[in-house]
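Engineer: Mind having a look at this structure? Questions to follow.
The values are calculated or read from the model by the stated rules, or taken from the named source; none is laboratory data. For clarity, every value in this text was computed on a predicted model and none was experimentally measured. In this analysis, Cβ positions are derived from the backbone assuming ideal geometry, glycine residues included, and neighbour counts consider all displayed protein chains. Surface areas here come from the heavy atoms of the whole protein model, side chains and all, with no ligands, DNA or RNA. Shrake-Rupley method; radii C 1.70, N 1.55, O 1.52, S 1.80 Å.
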Amino acid sequence: MPRVPRRPSDEARRGAYKPPGVDAARSRRRREDRLLALRRRNRDAGLFKRRREEPSLTPAPVVSPSDAAADATAPPPSSEPSSPPSSPPPADALRAAADAELEGLSEMVDKVWSDDAATQLEATVQFRKLLSDGKNSTMIKIIRADVLPRFAEFLSRQRPPQLQMEAAWVLTNIAASDYTLLVAECGAVPRLIELLESPDANIRHQATWALGNIAADMPSCREIVLDHGAVTPLLAQFKEDMKVSVLRTATWALSNLCFGKLPAEVQVKPILEIVSLLIHSADEKILADACWALYYICDGVEGGIQDALDAGVCPQLVKLLMHASANILLPVIMSLARISAGDDTQVQVIVEQGILPCLAQLLARNYPKIIKKQACLIVSNITAGSKDQIQAVIDADVMNHVIVLLKTSETDLKKEAAWAISNAASGGSSDQIQYLVSRGCLEPLCNVLKYQDVDLVYTCLEGLQNILEEGDIGKQRNESAMNPYAQFILENGGLDNLEDLQDFDNDAVYKLAMKLLERYWDEEVSDDANLTASKDHPAENVETVQPEDTAQPPVAASSVDGTE
């Protein structure tokens, strides 16, 4: 019987889509950007941008689906252009000052375009302070002033030294808004990449921050950063003497660059060398972003699964399955789910690293639904493998928990559990099938036939077919008149669900359902047909039907010996 292929996650399947000619037409690239924006809104965690706040202001909330990087918005110690006051001024006073400066915007623009370096620096600081209020109206007025190309130019100015820092700071906060594309297209990206080699650590940090925001926006922005060769200088930032705040920013920026399909010219192995070290970090923010980077590589790079395995990430990933933080656990289990969609050899690596006992605990305990869905996805991919891999799942007591979920959980989680059991039933040995049936999988599997998921229903039918074939073997062995599994399905209403599949809008499902009905319940189907006929033509049937025929209905040969 042909096996069901392993299933990558829904996220991976959506990520595999790329319209033809997407690089040829700007309009198509914009369409891909909109699709990605929709995709991000549905994520449980992932990419986000970060603003850098004024040291005297209370940091604004991070635009993120989780609080994994909440305190990373604070500027690094000693990197501020000015020391914070001893006590922050009142919020009303700050707003009044910002409004007053906004009224003098035209004067600030004139200063930015002046030829005097000190005046340029003064105006750039004023713009940076204005942007710290986070107001969209302020951002729009600054953008309309058409000063972004000037700030991009300042990135190449080494005198005065602080001008590069202030200009990068301004562009960082604009890139954290909805106008990231303007920053990406104003000529700032190649200059920011050059600043990654600056002798000033604070400037390198700010450039990393800005590039991370640009890469976190839309694919076209990310491609601009990659096309200018940002990966290699960014990887050079990871040094043993890095401050934790700088390492957090660099790891976050790297994860943003890894999101999506990496170009063929980008070397994945050097990235994985860094990531394989970062996933051992004790800092949860660094650890979370490193795990997301690993997931993106496994999900979006051809050969990424094998590259990740070669980098030796599996032992630590499996260990992190027991991490207490959900912000860590989600990218970890999604990475492992992606690896489990590989071939038998790749799947065997995570099995040998002890993933199954961890999955048993995740399925048994009170974890979020998304974690349990990913755990079931991994189990279904393992049970789509060899009989030895199915047996490993059984030996780890994982199937008991999956069957419980199939009986008691919500519909979307039931579907994932059904995949795991259906795969095991369609490829399992005689003993393995008997084990599944003994744990009560038949009735909930029959209920899955009510779903409208074509692939799932067909796989479930394949599992039931294998179970029924095993029932035929048991019937012959015990010289029984009835297949015990067919009898159980009949008595528990499963036959009705099978008959309803005759109206299913898929030819393959219809044919397999009819095959099972005719082979195992032909007499029941015939009885139903006779009953319908007797209602339609009662007189005719009273004359022709004999009492002994009703007492001993004929049994179709196919229901006895399995021939068709």
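Engineer: Kindly evaluate residue 279 against the criterion of being open to solvent by less than 10 Å² (accessible area, probe 1.4 Å) and in the same structural domain as residue 336 (by the TED database).
Structural biologist: Spelling it out, residue 279 is indeed open to solvent by less than 10 Å² (accessible area, probe 1.4 Å) and in the same structural domain as residue 336 (by the TED database).
Engineer: Check the stretch 280-287 and report whether any residue there is touching a residue at least 60 places away in the same chain (Cβ under 8 Å) and more than 20 Å from residue 216 (Cβ to Cβ).
Structural biologist: No, that holds for no residue.
Engineer: Still on this structure, I have one more. Grab the helices (runs of 4 or more DSSP H) fully contained in the stretch 49-157, keeping just those with 3 or more residues being open to solvent by less than 30 Å² (accessible area, probe 1.4 Å) and at pLDDT 60 or above.
Structural biologist: It comes to 105-112, 117-131, 136-144, 148-154.
Engineer: So, one more: List, please: which pairs have Cβ atoms under 9 Å, are six or more places apart or on different chains, and start with a residue in the stretch 214-240 that is under 17 Å from residue 267 (Cα atoms) and end with one that is open to solvent by 30 Å² or more (accessible area, probe 1.4 Å) and among the polar types (S, T, N, Q)?
Structural biologist: Listed by first residue and then by second, the contacts come to 231/267; 232/267.
Engineer: Tell me whether the stretch 314-326 contains one or more residues that are among the hydrophobic types (A, V, I, L, M, F, W, C) and over 25 Å from residue 285 (Cα atoms).
Structural biologist: No.
Engineer: Still on this structure, please answer the following. Under the condition of being farther than 18 Å from residue 252 by Cβ and among the hydrophobic types (A, V, I, L, M, F, W, C), which residue from the stretch 185-202 is modelled with the lowest pLDDT?
Structural biologist: Here the residue is 186.
Engineer: Also: When you scan the stretch 382-402, how many residues do you find that are farther than 13 Å from residue 359 by Cα and not small (Gly, Ala, Ser)?
Structural biologist: Result for the stretch 382-402: 6.
Engineer: Can you list the helices (runs of 4 or more DSSP H) lying wholly within the stretch 195-276 that have 2 or more residues being under 25 Å from residue 315 (Cβ atoms) and open to solvent by less than 30 Å² (accessible area, probe 1.4 Å)?
Structural biologist: 244-258
Engineer: If you don't mind, there's one more thing I want to ask. Scan the stretch 282-298 for residues that are open to solvent by 20 Å² or more (accessible area, probe 1.4 Å) and either in contact with a helix residue (DSSP H, G or I) (Cβ under 6 Å, 6 or more places away or on another chain) or of a type outside the set (A, V, I, L, M) (or both) and jot them down.
Structural biologist: Result: 283, 284, 285.
Engineer: Further, regarding this structure: Filtering the stretch 502-522 down to residues that are among the aromatic types (Phe, Trp, Tyr) and outside any helix (DSSP H, G or I), which residue is surrounded by the most Cβ atoms within 10 Å (Cβ to Cβ)?
Structural biologist: Going through the qualifying residues, I end up with 521.
Engineer: Give just the number: which of (1) closer than 20 Å to residue 497 by Cβ; (2) touching a Ser or Thr at 6+ places or on another chain (Cβ under 9 Å) does residue 415 not satisfy?
Structural biologist: Going through (1) closer than 20 Å to residue 497 by Cβ; (2) touching a Ser or Thr at 6+ places or on another chain (Cβ under 9 Å) one by one, residue 415 breaks only (2).
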